[in-house]
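Okay, so here's the structure we're looking at.
The values are calculated or read from the model by the stated rules, or taken from the named source; none is laboratory data. Note that the structure is a prediction, hence the values are computed from the model and not measured. Cβ atoms come from the backbone with ideal geometry, glycine included; neighbour counts cover every protein chain shown.
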Amino acid sequence: MYTIKYLDGEEKVFESLVGANLKRADLGRANLKGANLKGAYIWGANLKGANLNGANLQSANLQSADLKFADLQSADLKGADLSNAYIWGANLNGANLNGASLESADLKGAKLKGAKLEDANLGYAKLKGAELTNTNLEGAEGYGAELKGAELTNANLNDANLEGANLEGAKLKGAKLEDANLWYAKLKGAELTNANLKGANLEEADLKNANLKGAELTNANLYGADLKGADLTNANLKGADLNGAKLKGANLKGANLKGADIKYADLKSAINYNG
């Protein structure tokens with residue numbers, strides 16, 4: 001039996017929380033470890049600091065819920081709706097968020113290490129300073145997402161849509177970004193050492209002072225990209241489209257430009273270009 005208090009002072013007793021109506025429930029610091037909340041309607045509820053470690057929240061509606069600093073480690077949130085939720089500093093390490101909607105959610109400083117976010121919707125989500133090491137974001141929708149300074153080392157972002165996303169200063173060392181869409185993305189000062197960007201769309205992307213040492217950029221689209229001051233030492237740009245790219249002060253030592261389209265690219269002012 002579960003006695004649930006609501007933000008308006010009302011109380012209700014539930015035998016099961018599966019599919020329960022918990023709209024605007026007051027569950028701050030509640031112990032719901034391992035609880036089954038599958039399909040529950042938790043819109044606008046207070047779950048600040050709650051323990052939801054290992055909880056089943058599949059297909060639950062958590063729109064606009066307050067999950068700040070909640071423990072959601074290894075929770076199952078597959079297909080859950082967390083749009084506009086407040087998830088600052090929450091611990092989602094190892095959580096399953098495949099197919100979940102986090103559109104416009106605020107996840108600043110959240111921990112998502114090793115989490116599953118395949119095909120999740122992160123459009124306009126705020127993930128500034130979030131921890132996403134080894135996270136699977138394959139096919140995720142991240143249009144306009146805020147990922148400034150985020151930790152994405154070894155993350156899987158293959159086929160992800162990050163059009164217009166802000167990844168300034170993000171750590172993407174060894175990240176997989178094959179065929180990802182980064183059109184107009186902000187990657188100024190990003191750490192992309194040994195990242196796989198094969199076939200990625202980086203058209204008009206801002207890569208000023210980015211570290212792309214040893215990066216795989218075969219057949220990548222860098223049309224009009226701003227690579228001023230970027231480090232492309234030993235990067236593989238075979239077959240890449242660099243038409244109109246800005247490369248003033250970029251370091252091309254050991255870079256492979258075989259078959260690359262360099263028409264109108266500003267290569268004369270690049271460093272160590274031997275073309």
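Side notes on the structure shown:
- Every listed requirement among (1) part of a strand (DSSP E or B); (2) closer than 17 Å to residue 79 by Cα; (3) of a type outside the set (D, E, K, R) is met by residue 54 save one, (1).
- Lone qualifier among 90, 60, 100 - being small (Gly, Ala, Ser), closer than 14 Å to residue 123 by Cβ, touching an Asp or Glu at 6+ places or on another chain (Cβ under 9 Å) and buried (at least 20 other Cβ atoms within 10 Å of the Cβ): 100
- Subset of the range 136-153 [assigned to a loop (DSSP other than H, G, I, E, B), of a type outside the set (Lys, Arg) and over 20 Å from residue 81 (Cβ atoms)]: 138, 147, 149, 150, 152, 153
- Cβ-Cβ contacts under 8 Å between residues 6 or more apart (or on different chains), taken from a first residue in the range 228-256 that is outside any strand (DSSP E or B) to a second residue that is among the aromatic types (Phe, Trp, Tyr) and at pLDDT 95 or above, are listed as 242/223; 243/223; 244/223; 245/223.
- Residue 106 vs. criteria at positive phi and either surrounded by fewer than 22 Cβ atoms within 10 Å (Cβ to Cβ) or of a type outside the set (A, V, I, L, M, F, W, C) (or both): no
- Every pair of residues 6+ apart whose Cβ atoms lie under 6 Å, when the first sits in the range 30-56 and is over 23 Å from residue 8 (Cα atoms) and modelled with pLDDT of 95 or more while the second is in a loop (DSSP other than H, G, I, E, B) and among the basic types (Lys, Arg): 53/33; 56/38
- Filter pass, residue 67 being over 16 Å from the mean Cα position of the chain (by Cα) and either closer than 27 Å to residue 178 by Cα or not charged (D, E, K, R) (or both): yes
- Residues of the range 77-89 that are over 15 Å from the mean Cα position of the chain (by Cα) and either among the aliphatic types (A, V, I, L, M) or outside any loop (DSSP other than H, G, I, E, B) (or both): 77, 80, 81, 85, 86.
- Evaluating residue 15 against the criteria (1) closer than 20 Å to residue 112 by Cα; (2) acidic (Asp, Glu); (3) more than 27 Å from the chain's Cα centre (by Cα) leaves one unmet condition, (1).
- In the range 5-50, the residue that is nearest to residue 67 (Cα to Cα) out of those that are loosely packed, with under 15 Cβ neighbours inside 10 Å and of a type in the set (D, E, K, R) is 29.
- Flag if residue 51 is touching a Lys or Arg at 6+ places or on another chain (Cβ under 8 Å) and more than 17 Å from residue 115 (Cβ to Cβ): yes
- Annotation: residue 225 fulfils all but one of (1) more than 24 Å from residue 128 (Cα to Cα); (2) crowded, with 21+ Cβ neighbours inside 10 Å; the unmet one is (1).
- One residue stands out in the range 146-177 among those that are of a type in the set (Gly, Ala, Ser) and more than 21 Å from residue 199 (Cβ to Cβ): the one that is surrounded by the most Cβ atoms within 10 Å (Cβ to Cβ), namely 150.
- Condition met for residue 137 (crowded, with 20+ Cβ neighbours inside 10 Å, free of Cβ contacts under 8 Å to residues at least 40 places away in the same chain and under 9 Å from the mean Cα position of the chain (by Cα)): yes
- Residue match in the range 178-191 (condition: buried (at least 19 other Cβ atoms within 10 Å of the Cβ), touching a Phe, Trp or Tyr at 6+ places or on another chain (Cβ under 8 Å) and either closer than 30 Å to residue 108 by Cα or at pLDDT below 95 (or both)): no
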